[in-house]
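Chemist: Sharing a structure with you now.
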Amino acid sequence: MQRYTVAVLVRNQFGVLNRVTSMFRRRQFNINSLTVSETESIELSRITVQFEGEKNAKDQLVNQLYKLPDVCSVKEIEGETSVSRELMLIKVKNSPEQYPEIRAAAEAFHVKTVDYSRDSIMLQMTDESRRIDDFIRLMDDFEILEICRTGVVSLERGDTTIRKVTII
């Protein structure tokens, strides 16, 4: 199975997110990441979905998404031609013995400390999902108390935009 990232530009209407995600459920795709927000226009929202599946099933899904009345555009985001980022907050148990190692790992990954107490350290990381996964594996050597991740956000490089394939 391959991992895909698809951006869906939709009219900013009640129930649209449910209709879009139901399309994934009906085709038995497991959504790995989901991000939704208004765009530069309050009339439109952008849904970015990362999921795994077979190419034929993904192609059918994209064609079905276009049939939804509030879908304006669907664009597959490919790694080489785009910039993708995710935000993670991770809270790790703090101790005087482990702090230097945690700090060194954070510096190596360009991670920012956003909260510090005697008992815990909260770190913020914005990067590609793969790098975040790598950092989490490194933090597994310590006691992870909690993790919260956003979904992936992606934009194509250059002047290409999702609006250039809009069918509004």
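Chemist: With 22 Å as the cut-off, how large is the P(r) tail for the chain, expressed as percent of Cα-Cα pairs?
Modeler: Of all Cα-Cα pairs in the chain, 51 percent lie more than 22 Å apart.
Chemist: On a 0 to 90° scale, report how tilted helix 16-26 is relative to the longest principal axis of the chain, with both axes built from alpha carbons and the result rounded to the nearest 10.
Modeler: Value to nearest ten degrees: 90.
Chemist: For region 1-42, what's the radius of gyration and Dmax over Cα atoms, in angstrom?
Modeler: 11.6, 36
Chemist: While we're here: Using the Kirkwood radius over C-alpha pairs as Rh, can you work out the diffusion coefficient of region 83-153 via Stokes-Einstein at 4 °C, viscosity 1.567 mPa s, in µm² per second?
Modeler: 107 µm²/s
Chemist: Can you work out ³J(HN,Hα) from phi for every residue in region 113-126, in order, using Karplus 6.51 cos²θ - 1.76 cosθ + 1.60 and θ = phi - 60°, giving whole Hz and x for Gly and Pro?
Modeler: 7, 10, 7, 9, 9, 4, 9, 8, 10, 10, 10, 10, 9, 10
Chemist: As I understand it, the value is the acute angle between the Cα axis of helix 55-66 and the longest principal axis of the Cα atoms of the chain; what does it come to in degrees, rounded to 10?
Modeler: That works out to roughly 60 degrees.
Chemist: Still on this model: Rounded to the nearest Å, what's the spacing between the alpha carbon centres of region 75-154 and region 1-73? Just the number, please.
Modeler: Using only Cα atoms, the two centres lie 27 Å from each other.
Chemist: Same structure, new question: Starting from the 7 Å offset along Cα-to-Cβ, what nm value, one decimal, do you get for the label separation of Leu87 and Gln2?
Modeler: It works out to 3.1 nm between the two label points.
Chemist: Another question, if that's okay. Need one number: nm distance between label points at Ser120 and Glu80, each 7 Å from Cα along Cα→Cβ, rounded to one decimal.
Modeler: 4.3 nm
Chemist: Moving on. Using only alpha carbons, build the gyration tensor for region 1-83 and give me the equivalent ellipsoid semi-axes, biggest first, whole Å.
Modeler: Working from the Cα gyration tensor, I get semi-axes of 20, 15, 11 Å.
Chemist: Full-extension gain between Arg27 and Leu138, please, as 0.36 nm times their residue separation minus the C-alpha to C-alpha distance.
Modeler: 36.5 nm
Chemist: Per the helix-only calculation at 222 nm, which mean residue ellipticity applies to the chain, given -39500 (n - 2.57) for every DSSP H run of n ≥ 4 and division by its residues, nearest 500 deg cm²/dmol?
Modeler: Here the helix-only value at 222 nm equals -8000 deg cm²/dmol.
None of the figures in this text is laboratory data; all of them are computed from the coordinates on show. Computed from a prediction, not measured in an experiment: that's the story for all the values here. Counting neighbours? That spans all protein chains shown, and the Cβs are built from the backbone with ideal geometry, glycine included.
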